[in-house]
Amino acid sequence: MYTYSKENAETYSQLGIKGTTYEPGFNEASKILGDLTGKVALDFGSGAGRTAQLLLSMGAKKVVGIDHSQIMIEQVKRLESNKLKFVKIDEKIPFYNNTFDVSLCAHVFVEVSSLEEMTQISNEVFRVLKPGGLWVIITNNSKAIGREYISYGYKKKNNLKSGDEITCTIKKGDDGFDIGDYYWSEEDYKRVLEKVGFKVESMTFPKMTGDGWLDETEVAPHVVIKCFK
Ligand SMILES: C[S@@+](CC[C@H](N)C(=O)[O-])C[C@H]1O[C@@H](n2cnc3c(N)ncnc32)[C@H](O)[C@@H]1O
């Protein structure tokens, strides 16, 4: 498990979405999630709050962000309102079965160090989603390792195997920091999700177009997975 320092959590809170390497993945996820008016949404691995705020801006009537990092939860407490809550979790999600209409899980699976942990997370999300509930996951495109992107990069590594450690260098102006991440393939994600009971409807690899990008126009930084309970 990667442990965020207060400084890293602060840098993370300033990353944003527009004009960053995260934009194509979030554009695609937003398209899949659609209008969230009247929906109750779960943000698994809410970090510094940008994903929970995105869900709120899409009309959700209530958003719960959950994260196992105490530092991240402290960082986002100031964003809370009657529609937006953040909860520190351990392994269990502290909500009843069939509570949420939709869930987003962005940039979390890359921090997961084993398929057992990925399965445990997926099991818990499955449990708290309503029947037919939608789960959208944004995670690394396995082909993105070694590519140069605006907001972060992974050094090229040959013969990567599932579960290998990879270092992600986050870039934000003069600030930046390294995170210890893990390499997983699209087959790993699909196998875990289907084992838990999710129906995987699609996996998309969104790129950017236009000027001002690095490899974002060549190789999608992320895969966006759409699945249903
Ligand atoms: C890279 S951040 C992404 C935050 C946010 N989703 C975003 O896209 O801005 C990943 C977050 O997932 C959290 N996380 C990783 N593994 C987790 C787990 N097993 N349970 C709960 N939170 C987890 C980390 O603490 C971190 O805050």
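Quick note: the coordinates plus some simple rules give every number you see, no bench work behind them. All values reported here derive from a predicted model rather than from experimental measurement. Neighbour counts run over all protein chains shown; Cβ positions are idealised from the backbone, glycine included.
If I take all pairs of Cα atoms in segment 1-53, what percentage of them are more than 19 Å from each other?
Numbers: 514 of 1378 pairs.
In whole percent, the long-distance tail amounts to 37.
For a quick size check, give me the Cα extents of segment 162-207 along its three principal axes, largest first, whole Å.
Extents along the principal axes: 43, 25, 14 Å.
Using label points projected 7 Å from each Cα along Cα→Cβ, tell me how many nm separate residue 123 and residue 14, to one decimal.
So the label points at residue 123 and residue 14 sit 4.1 nm apart.
Which of the trypsin sites (Lys or Arg not before Pro) across segment 21-96 are loop residues per DSSP, with 15 or fewer other Cβ within 10 Å?
Taking segment 21-96 and a limit of 15 other Cβ atoms within 10 Å, the loop trypsin sites (Lys or Arg not before Pro) found are 61, 83, 92.
What do you get for Rg/Rh over segment 108-229 if you use C-alpha atoms and the Kirkwood form of Rh?
0.99
Looking only at the chain, where both bridge partners belong to it, what percent of the DSSP beta bridges are antiparallel (to the nearest 5)?
Numbers: 24 of 43 bridges.
So the antiparallel bridges amount to about 55 percent of the total.
Treating the beta-carbon of each Lys and Arg as +1 and of each Asp and Glu as -1, no other charges, what is the dipole magnitude of the chain about its Cα centre, to the nearest 20 debye? Can you show the working numbers first?
Details: 30 positive and 32 negative charges, 160 e Å.
My answer is approximately 760 debye.
To the nearest 0.05, what FRET efficiency results for residue 70 and residue 207 with a Förster distance of 41 Å applied to their C-beta separation? List each step's numbers first, then the result.
On the way: r = 36 Å, r/R0 = 0.88.
FRET efficiency, residue 70 to residue 207: 0.70.
Which chymotrypsin sites (Phe, Trp or Tyr not before Pro) in segment 15-108 sit in a loop by DSSP (not H, G, I, E or B) and have at most 16 other Cβ atoms within 10 Å of their own Cβ? Please report the intermediate quantities before stating the final value.
Working: sites: 22, 26, 44, 86, 95, 96, 100; in loops: 22, 95, 96.
When the chymotrypsin sites (Phe, Trp or Tyr not before Pro) of segment 15-108 are filtered for loop state and at most 16 Cβ neighbours within 10 Å, 96 remain.
Around residue 56, what is the net charge, scoring Lys/Arg as +1 and Asp/Glu as -1 over all other residues with Cβ under 12 Å from its Cβ?
Values: positive: 39, 50, 61, 62, 83, 85; negative: 43, 80.
Its environment carries a net charge of +4.
Given Cβ point charges of +1 (Lys, Arg) and -1 (Asp, Glu) and nothing else, what value in debye, to the nearest 20, does the dipole of segment 1-132 about its Cα centre take? Write down the numbers at each step before the final one.
On the way: 15 positive and 16 negative charges, 126 e Å.
It comes to approximately 600 debye.
If r is the Cβ-Cβ distance from residue 228 to residue 96 and R0 is 22 Å, what FRET efficiency results, to the nearest 0.05?
On the way: r = 20 Å, r/R0 = 0.89.
With R0 = 22 Å, the Cβ-Cβ based efficiency is 0.65.
Could you tell me the relative contact order of the chain? Use alpha-carbon pairs under 8 Å, at least six residues apart, and round to a whole percent. Could you put the intermediate results ahead of the total?
Working: 476 pairs, mean separation 47.2, N = 229.
Once divided by the residue count of the chain, the mean separation gives 21 percent.
For segment 62-177, report the convex hull volume of the alpha-carbon atoms normalised per residue, in Å³, without decimals.
On the way: hull volume 15.8 nm³, N = 116.
Hull volume normalised by residue count: 136 Å³.
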